[in-house]
Amino acid sequence: MNYGHEDLELEESTNKWMAWGAVLLFLFVLAFPVYWLIQPARLDAAQASFDETLSAHGEVLYNDSCAQCHGGEARGAIGPALNSEQFLGSVTNKQMHQLISTGVPGTLMSAYSADFGGPFTQQQITALTVYLRSFEDTAPDFPEWLKPLSQTDLAGVELYNMACSYCHAVDLEGGIGPALGPGSDSSFEDDAFLEGRIRNGINEMPSFEGVFTDDQIDDIIAYIREVQDA
C-alpha cells in the first residue's frame, strides 16, 4: 500500500505523541512511589503546623479562663497541676476534652462546654486540649499534682506565685486583682485585714479557707510585707 505525503506526516505525528505519552507514563510511574514517600512527611508537617496554631489559641483561652485555678503554664494552684506527668499520662485527649466539657462533679471545676451552659465551643475545647498536651514532652514528675498547695515545704513566695500571682502579678503590681506592693492600699492595712481577705475572698477573689493552712496564710502575708517593706 502506498502512503501519501499527508499520511506519512500523520503517522509521524502519531508516533511522536505516542512516544511522548510513553515518556510521561514512565515519569508518572517513577513519580508515584516518590509521592507516597514524601506525602506522609508533608501531612505530618501540615498537622504540626495546625496543632501549633491550635495550641497558641488554647494558650490564650487557658490564660483567660483556667490559669486562676490551675496556675500559670498549668503548674497548679487551687486546682490540679495539668502540666504534670501524672495527669498527662493518665488521660487521653478524648478524656481531657470530656473533663473540660462537662466539669468534675463535687469540685470547683464546672462545665465549660456551651452545650452544658459553659463559655466554650467544642473547637475551643479542642484548642485547650492541644495546648495542655503540648506540655507532655517536658512534663514534670509531680506526685502532689492533685493538690499542689498541700506541699508542706512551700515558702511564702512560692505559695504566692502559685495561687496569687495570676491576679495580683508576680511583682505584686496588680492586674486582674489590686496591687499589693509598696504604696498599695493593702500596705496601709494590718495583717488581720489581709488574713480576712485570703480566708473569705471578696468579689471575684475566691475564698482560700480550707485551701491554705493557717501557717501558709501567715507565710504569704509575711512575703507580701517583705516586698512592701523592701
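Computed from the coordinates by the stated procedures, all read-outs in this text should not be read as laboratory data. Nothing here was measured: the structure is a model prediction, and the numbers come from that model. We place every Cβ from the backbone using ideal geometry, glycine too, and count neighbours over all the protein chains shown.
Calculate, for D171 and Q151, the FRET efficiency according to 1/(1 + (r/R0)^6) with r their C-beta to C-beta distance and R0 25 Å; round to the nearest 0.05.
0.60
Once you wrap a convex hull around the alpha carbon atoms of the range 152-229, what is its projected area averaged over all directions, in nm²?
4.6 nm²
So how far apart, in nm, are the two label points at D137 and V29 if each is 7 Å from Cα heading toward Cβ?
4.2 nm
Round to the nearest 0.05 the FRET efficiency obtained for A56 and E195 when R0 = 45 Å and r is the Cβ-Cβ distance.
0.70
Give me a comma-separated list of calculated 3J(HN,Hα) values for the range 96-113, in order, Karplus coefficients 6.51, -1.76, 1.60 applied at θ = phi - 60°, integers in Hz, x for any Gly or Pro.
Each residue's phi maps through the Karplus curve to give 4, 4, 5, 4, 5, 5, 9, x, 10, x, x, 10, 6, 7, 8, 6, 10, 7 Hz.
Would you mind classifying the range 100-167 by shape? Square roots of the alpha carbon gyration tensor eigenvalues, ordered a ≥ b ≥ c; an a/c under 1.5 is rounded, otherwise it is prolate if a/b is larger than b/c and oblate if not.
The shape class here is prolate.
Mind ordering 182-193, 119-130 by average Cβ neighbours within 10 Å, highest first?
Packing proxy ranking, top to bottom: 119-130, 182-193.
At 25 °C and a viscosity of 0.890 mPa s, what translational diffusion coefficient does Stokes-Einstein give for the range 63-138, taking Rh as the Kirkwood radius over Cα pairs? Give it in µm²/s as a whole number.
197 µm²/s
Subtracting the Cα-Cα distance from 0.36 nm times the residue separation, let me have the gained length for N63 to E209 in nm, one decimal.
Numbers: separation 146, 0.36 × 146 = 52.56 nm, distance 2.40 nm.
Separation in residues times 0.36 nm, less the Cα-Cα distance, equals 50.2 nm.
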